[in-house]
Structures are given as C-alpha cells and as structure tokens.
Amino acid sequence: MARHNLGTVVQFEFTRTVKKRRFWIATLAIPVLLAIVFVLVFVSSSSAQNRTEQQKNQSLDFSYTDASQLIDPAVATAMGGRVETSPGTAVERVKEGKLNAYFSFPATITKEPVLVYGTDQGIFKNGTYDAVAKQLVILSAQEKVGSAELTAAVQGNFSTEAQTFKDGQPSGGLETVVPPLLFLVLFYVVIILLANQMLASTLEEKENRVTEMILTTLDPTTLVVGKVISLFLVGAVQALVFSTPMLLGYVFFRGQLAIPDFDLSALQFQFLPMLVGALLFIGGFILFTGVLVGIGAVMPTAKDAASVFAPVMIMMFVPFYVVTLVVSDPGSMIVQVFTYFPFTAPITAILRNAFGSLNGVSAVIVIAELFVFGLLALRVAVHLFRYGSIEYSRKLSLRRAFTKKG
Amino acid sequence: MNAAAPLIHIHDFHIHFGSKKVIEGLSFDVARGETFGFLGSNGSGKTTTIRALLGIYRPTSGTLEINGKVFSDDFGSRLGYLPEERGLYKKESVLDVMTYFGRLKGLSKQNAQAFSRQYLDRVDLVNKADVRVDKLSGGEQQKIQLGVTIMNEPELLILDEPTKGFDPVNRRLLMDIIEERKEAGATVMMVTHQMEEVERLCDRIILLKDGRAEAYGTIDEVQNQFGGRTIKLKYSGNLPTSSHYKVALHETNYAELSVDESIDEAQILKELVLAGVVVRGFVAAKRSLDDIFIQIYGEEVAVGSTGTAPAGNTQGPVK
C-alpha cells in the first residue's frame, strides 16, 4: 500500500498548497512586482532614449568660441551654432536671456572642460546643451579623421572573440561557467522558497494532533518523502511563475529593459561539470531536507523551530561571504574547510565546480559526503518524526528518542 | 489465519524509556468480535501499550501482534483508531480531510467521498462539507473525527478514551457507532474511565496498574476475583460505623456499603435496624466496577475524587 499512499500524500500535500489563495498571492506577488519594475524601466528607458535622440539631433540656437580648433564650422552651423563675435559679453547675454546658449571650447579639451552656458529650460531639457556640445565635438572629430572605422576603433566600438585551450581542448570561458552555475541558482531558489514550507509542513501533523492517526495508516518514511516530493513540485510551480515574466522580458523586450545581450546559444553544456553540479544539488537538497524534517520533528511549534533553523540557513549561505576567494584562491584554508564541511559544501562545491577548480577526487568526496550525511539525516529525521511528532506540545528529548529503540 | 485465534495477542510485553520501566511483562488477548475494555488510572501504561501495539513505539521485549503479525500500515486499511490526542488538518475542508484519510485507508477517491457525504448527512453536517475544519465547532469536529475513524468500516476499532471531551450528543453517537461495529462483527478495544460504559459494552476487561495487570477477564470474573458485594441502602436516621462494612458512597438518605464476602447481608441488616436506622431499601449486588476501580487505584484517584471514598486497599489477584 506504500506506493499508493505515497501518491495520495503527494497529491494531498500538493493540491492543498496550490489551492490556497495565500499561496497564489505570495507566488504572484514577485512576478507582479517584477512586471511593475519592468514597465517602469521600459517607460523610463524609452523616454530617456527618445530624449537623448531628440537632444542629439535637435537644432539648437547657440554661439561658440573654439580655442581647440577641433570644431568644424560646417557641422556647427548644421547644428544651429555660430561663432561668437563678442565672447566677453556672451555669458552676460545668456544671463539676461538675450542669447540662448554659449559654448566655450578650451585649447585642450582633454585637460580642460568645455564651458557650457544656457538659459534654464527645466531640469530635463537643460541636458540638451551638454549633449549638443559633446555631439558637436564628436561629429567634428569624425570629420577630421575622415574614417568611421577609425572613429569606432578609437571609441572602442568593436568586439573580440576569445578561445582558450586546456589539455588540447577548447577550455571555454564564461560560456562554460554559466551552465553549472544554474544548479547554484536552483539550489538557492529551492531552499529559500521551500525551507519554511518544509518546516511548517513537518510540524503540521504535530500541531494538528493527527500524527497517531497518520502513523497507523502510513509509514513515516512515506509521509516524509511524500511531503518532500510535493514541496519540490510546489517549488517548481513557483519557479515557473517567477521565471515566466523574466523569460518574456528577455525574449521580447530585451532592448527596452536594458537586459545585457547575452547570447544563450553560446553556452557550452559540458557533461562532467553538469553531472557533478546535478549530484551536488541533489545531495545538498537531501541533506537540508533531512535536517529541516529533523528540526520540525524535535521542536513543538514552528516558532520554536525557527530559532534552530536560522543558524542552519546562515551556515548554508556563509560561503557567499568568501565567494571572491572561492573563485580566485580555491586552495585557501577557508575555502577548503567550506568545501568539505557538510552544511557549507553544496554552495562552495557548486561554485568551484562551475569555475573549474573542483578536481575529480574532491568532487567524488564531497558528493559522497553529501549523500551519506543526507541519507543519514533523513533516516534520523524519520526516526525523530516517529517519536517527536507524538510529543505534541513538548520539545523531544533526543536521548529519549534514541532509547525508544526505533 | 485461524478464526479462533485472538485478533490481538500481547505476551510478556515490556517497554522501558531510559531507566523508566513503563510496562512490565504484560500479557493478554483480545478475541475476534469481542469488545474489550482496557482500564487503568492515568499513567498506568494504557496509551503506551496501544502505541506499541500499533507500531508507534517499539517494545523493549515481548510479543505484540494483530491478526498474528506485528502491526504494519498494511493493516491500517482494516483499523479504526481514535487516539487520545486527536485532531484533524484544520486548514482543509471537511470533505478533503475525510477523503484523504479514506484514501490512506485504502478507499478509492469516489468511495471515500461517497462515504464522507453519507456520514456527513447522518450527523447533519452535509452542508459543511466544503467548510474548513477550523470553522467548525468543537462538537462538530468531534463528529468528523469519529467519521474518519470508521470510514473504512474497520474490523478492529481501537478507541483511546473515546468519550474524553465529548458532549452528550457525540457520546451517544459514539455509543451507536460502537454498537453498529459490534453488530457488524468488528472487534473493539477501548480505553476508558467510564465504568458504566464498560459494564454496558465490554465482554472482557483488563485493569492495568503501574504497567502490570491487576485484573483480567469477563466483568463477572473480575467482580468475582475481587469478591465482596455492594449494598445499596435507602434509609433515614443515623448511619452507624461498623467493622462489617465500609461506606463507599454516602448521600442524603442513601449509601453504598462495601461488604466483605464473609459477612452475611442479613447480619448487616440486623445491625442497622438495631442501631435505629429506618431501612427503606436494601439491595445487595456484586461490587461495581467503579468500586473495584477505586479499590485498585484508590490512593491515586482519591486526590481528584468527587467525594467517593476509597473502599480499602485490599490488593486483588494478579494474573
């Protein structure tokens, strides 16, 4: 009956979570917030772009003096400018509103600033003066160089494509680092989203006094595994809901949302790093699940459990504080400790695996350690659940739990 | 499985929690189709025994079997268990909770829902099928609890202090359910402190004290084991003290006297009349279970008793 009951538990736990209005409010809050932010970015980005374009191409009534000899009079005229005939009074005339704008180009524009004076047109439109002055210099310089290629080269407007080799094979760059790092994102999302739910779910039988009725119809392992699977499914639904607006934004509004143009087709999914990443993720998930179930079984209420749960979460994410060392100096003592200490191992090892500094032997040791500790934690957790969950309003004494010959 | 073999068989059962010996060498059987009373004061080990029988605790040593096997969740589909600590998933609807338990007990979703609706109709809660459990009153939740317990039409019903916290309506419902299951041939094992329920429902009983059996058998056998009788006396005048009886219950113009087996009832009557008591009613009967219970657990229950005096500290026979 165990398999039938596993399905029943998964269905019950999953359905009752996703049927709750509270779940959808919490789940949809993030994409709705993201959508609002995206819309704001989109609107601001579009208006800023339009304004810049308008400002760049606007014909502005201005006068100028050019000590640098860089400015091309024809370009300046085309942009609405004329050479100032009485520079001594130009600034005064601008002050009095008799002259719209006056630019003073110094002898060496790389050493001295271009002085820009203009009549006030509001905080946003005032930027036009600065934009026109800069554009005038750029266009005049292009005219002098006489080559768009050279101008682009000087401005650094070109791309490079690098290829490195390791052991005779292309070693890849960021394209090989990103795919295994997806497991880090996955691990982070799963634990952050599900940890509290896992704790609450484990405590539920105890808080509702249904443990004995459940334990006489169901093996505790089936119940715990059923809860873990259903929460994983709940997490998948949440991840899907969260990622949908991001995917839509990336595919359809990348330019408007100022999302970096990252060519996904360039990503290289290498078998071994992906396999190691997946195993580290699964091992880490089992370990933390076991620990959370154990905490839930021992503590009488969610509030009590939270005080024990917090240090576990801190331990888990503490490797992020030394992430620069993990990347730049994986041999350092602290990184080595974090790599092999079970609670810090998942994140440290996934990072090192992605950046190529986790060798085969270390990977095997960490994976084995996570699975062994994880399964051990789950086994202990099931035992604690069996006895802890009938200590309804008391904290379970571990000594007593393990003398019950479970 | 031999139909004559007991459904529940417990032999030389010991359970220790650390250095605390909770049960010491307990042995008893529950026959198929009988209603068995499991009695004892608080802390005597009744709930621990049931939990060990149902695999929630593991025994230190001994045999605990249901239907010839150690309990596993496979038998869960044939068991109806109402624990002492009881509750329901409070944030779910009544129908969802009942369907879930029905499915765990091996019913199909359709059958679980059909049973639930039928039961809810019986207890006038059919219009609350989609209401969250925590929105129901305490009494309504008790009804759902009972429904969950019997929804697989169990062949073994284990009830741990079933009337604890029940209002009279639900107590009546529970009694009806027990009668129905008995008529259907189910075996019932119940832990209770309600002696009138035991006398009305139980075929056999066991009395547990400090993890040991104090008495075991049919109600008649237990009454015979402890001997003595109770005289129910209606009278006027002053009730004299006597070495021939103990006053077990004393109200205005009414008393229950515990009398030793060796004392003749006529002698008591004569003694009362000679002392000037006007006897208006005089009925001698075997000692009630209440009386025996108080005798066994006298010192323990006296602290919380409601005026019922202990009838002595004579130890009954131990199996």
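Where a number appears in this text, it was derived from the coordinates with a stated rule and is not lab data. This structure is a prediction, so every number in the text was calculated from the model and none was measured. Note: ideal-geometry Cβ built from the backbone for every residue, glycine included; neighbour counts use all protein chains shown.
So what's Rg/Rh here for chain B, counting alpha carbon atoms and using the Kirkwood radius for Rh?
Here Rg/Rh amounts to 1.04.
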Comparing A:Ala200, A:Ala78, A:Ala278 in a Gaussian network model of chain A (Cα, 10 Å), the one with the largest mean-square fluctuation is A:Ala78
Between B:Lys21 and B:Asn42, the two model label points (7 Å from Cα along the beta-carbon direction) sit apart by a distance in nm of 2.5 nm
Mean separation of Cα contacts under 8 Å (at least 6 apart) over the residue count of chain A, i.e. the relative contact order in percent, is 19 percent
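Looking only at other chains, what is the average number of their beta-carbon atoms within 10 angstrom of each beta-carbon in A:218-231?
On the way: counts 4, 5, 2, 0, 2, 1, 0, 0, 0, 0, 0, 0, 0, 0.
Across A:218-231, the average partner-chain Cβ count within 10 Å equals 1.
Multiplying the sequence separation of A:Leu375 and A:Ala278 by 0.36 nm and subtracting their Cα-Cα distance, what value in nm do you get? Don't jump to the answer; show the numbers that get you there.
Values: separation 97, 0.36 × 97 = 34.92 nm, distance 1.67 nm.
Difference between extended and current length: 33.3 nm.
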Computed about the Cα centre, the charge dipole of the protein assembly as shown from +1 Lys/Arg and -1 Asp/Glu charges at the Cβ has a magnitude in debye, to the nearest 20, of 180 debye
1/(1 + (r/R0)^6) with r = Cβ-Cβ of A:Ala368 and A:Ser265, R0 = 35 Å, i.e. FRET efficiency to nearest 0.05, evaluates to 0.50
Debye calc, one equal point scatterer per Cα of the stretch B:228-286, no solvent, log10 I(q)/I(0) at q = 0.22 1/Å comes to -0.79
Karplus ³J(HN,Hα) for the stretch B:21-33 (6.51 cos²θ - 1.76 cosθ + 1.60, θ = phi - 60°; Hz, whole; x = Gly/Pro) runs 8, 7, 10, 10, x, 7, 9, 6, 10, 10, 6, 5, x
Under 5 Å from the placed amide H of B:Tyr81, counting only residues 5+ away or on other chains, we find B:Ile158
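Can you tell me the FRET efficiency between A:Thr244 and A:Ala200 if r is taken as the Cβ-Cβ distance and R0 is 35 Å, rounded to the nearest 0.05? All intermediate terms of the calculation are to be shown ahead of the outcome.
On the way: r = 26 Å, r/R0 = 0.74.
So the FRET efficiency works out to roughly 0.85.
Can you tell me how much longer the chain between A:Ser147 and A:Val251 gets when fully stretched, taken as 0.36 nm per residue apart minus their C-alpha distance, in nm with one decimal?
Values: separation 104, 0.36 × 104 = 37.44 nm, distance 3.53 nm.
Additional length available on full extension: 33.9 nm.
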Once phi for every residue in the stretch A:207-213 is put through the Karplus expression 6.51 cos²θ - 1.76 cosθ + 1.60 (θ = phi - 60°), the whole-Hz ³J(HN,Hα) values, with Gly and Pro written as x, are 5, 8, 6, 10, 4, 5, 5
Residues whose modelled amide H sits under 5 Å from the amide H of B:Ile8, counting only those 5 or more places away in sequence or on another chain, are B:Val30, B:Asn67
GNM of chain A, Cα pairs under 10 angstrom: of A:Asn126, A:Asn353, A:Asn196, the biggest fluctuation goes to A:Asn126
For the stretch B:8-222, percent of DSSP beta bridges that are antiparallel (nearest 5) comes out at 55 percent
The convex hull of the Cα atoms of the stretch A:328-387, divided by residue count, gives a volume in Å³ per residue of 71 Å³
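Per the helix-only calculation at 222 nm, which mean residue ellipticity applies to the protein assembly as shown, given -39500 (n - 2.57) for every DSSP H run of n ≥ 4 and division by its residues, nearest 500 deg cm²/dmol? Show your work: numbers first, answer last.
Details: 25 runs with 372 residues, N = 725.
The helix contribution divided over the protein assembly as shown gives -17000 deg cm²/dmol.
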Ranking B:His9, A:Ala26, B:Ile150 by how far each Cα lies towards the positive end of the charge dipole of the protein assembly as shown (+1 on Lys and Arg Cβ, -1 on Asp and Glu Cβ), the top one is A:Ala26
Given backbone amide H placed at 1.01 Å from N, residues whose amide H is under 5 Å from that of B:Thr60, ignoring those fewer than 5 places away on the same chain, are B:His14, B:Ile15, B:His16
For chain B, averaging the sequence separation of alpha carbon pairs under 8 Å that lie six or more residues apart and dividing by its residue count, the contact order in percent is 18 percent
extent check for the protein assembly as shown: Cα max minus min per principal axis, descending, whole Å, gives 147, 66, 46
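Over the Cα atoms of the stretch A:170-402, Rg to Rh with Kirkwood Rh, two decimal places?
Values: Rg = 19.8 Å, Rh = 19.2 Å.
So for the stretch A:170-402, dividing Rg by the Kirkwood Rh gives 1.03.
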Comparing A:Gln135, A:Gln197, A:Gln336 in a Gaussian network model of chain A (Cα, 10 Å), the one with the largest mean-square fluctuation is A:Gln135
Checked against a 21 Å limit on the C-alpha separation, the offending pairs among A:Lys20/A:Lys227; A:Lys19/A:Lys303; A:Lys20/B:Lys90 are A:Lys19/A:Lys303
Placing each pseudo-label 7 Å from Cα in the direction of the beta carbon, A:Val312 and B:Arg212 end up separated by a distance in nanometres of 4.4 nm
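Using R₀ = 30 Å, calculate the FRET efficiency as 1/(1 + (r/R₀)^6) where r is the Cβ-Cβ separation of B:Glu183 and B:Asn224; round to 0.05. Provide the component values of the computation, followed by the final result.
Working: r = 29 Å, r/R0 = 0.95.
After rounding to 0.05, the efficiency reads 0.60.
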In whole angstrom, largest first, the equivalent ellipsoid semi-axes that the Cα gyration tensor gives for the stretch A:275-355 are 27, 14, 8
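At 0.36 nm per residue, and after removing the present C-alpha to C-alpha distance, how many nm does the segment from B:Leu274 to B:Ala5 gain when stretched out fully? All intermediate terms of the calculation are to be shown ahead of the outcome.
Working: separation 269, 0.36 × 269 = 96.84 nm, distance 5.62 nm.
Gain on stretching B:Leu274 to B:Ala5: 91.2 nm.
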Within chain A, excluding any chymotrypsin sites (Phe, Trp or Tyr not before Pro) found in a DSSP loop (not H, G, I, E or B) and having at most 13 other Cβ atoms within 10 Å, the longest uninterrupted segment runs A:270-406
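Report, in debye and to the nearest 20, how large the dipole of the stretch B:228-286 comes out about its Cα centre when Lys and Arg carry +1 and Asp and Glu carry -1 on their Cβ.
Details: 7 positive and 7 negative charges, 37 e Å.
Value, rounded to 20: 180 debye.
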